[in-house]
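The values are calculated or read from the model by the stated rules, or taken from the named source; none is laboratory data. Being a predicted model, the structure only gives us computed values, none of them experimental. Because the Cβ atoms are built from the backbone with ideal geometry, glycine has one as well, and the counts that use them run over all protein chains shown.
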Amino acid sequence: EVGERLLGALAKVLDERFKEAVVGDANYQMGDLTKKAILNFIDKEEYQFGDLTRAIQQRTQTPSQTKPKGSAPTAGIASNDGILAELDKWDQALQQRTKKKH
């Protein structure tokens, strides 16, 4: 029993040190890097439905396509409705997974 506890403690320490060395966070959980990258990309502290689509749309619009803040999103990505539809599907799937976790 003492040997098992010792091995368990050693495994935990090694896991934390490996995570710290690879990703810089000993408490890293699967998906943390992706979440951080998305939040950085959308320039927000918390994700809300449609944020990713809007961020991509803003980055790909030419100045003449830019709408005033608060306007409803349109097919601004080079008039490609297919891309926007796929991004909306992705947003919906992410929102559903987030609801299931809480």
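Go through ILE77, ILE56 for me and flag whichever is modelled with pLDDT under 80, surrounded by 14 or more Cβ atoms within 10 Å (Cβ to Cβ) and within 25 Å of LYS89 (Cα to Cα).
ILE77
Could you check how many residues of region 15-34 are surrounded by 12 or more Cβ atoms within 10 Å (Cβ to Cβ) and of a type outside the set (Ser, Thr, Tyr)?
Within region 15-34, residues that are surrounded by 12 or more Cβ atoms within 10 Å (Cβ to Cβ) and of a type outside the set (Ser, Thr, Tyr) number 10.
Looking only at region 25-39, decide whether some residue is closer than 23 Å to TRP90 by Cα, within 23 Å of the chain's Cα centre (by Cα) and touching a residue at least 12 places away in the same chain (Cβ under 8 Å).
Within region 25-39, one or more residues are closer than 23 Å to TRP90 by Cα, within 23 Å of the chain's Cα centre (by Cα) and touching a residue at least 12 places away in the same chain (Cβ under 8 Å).
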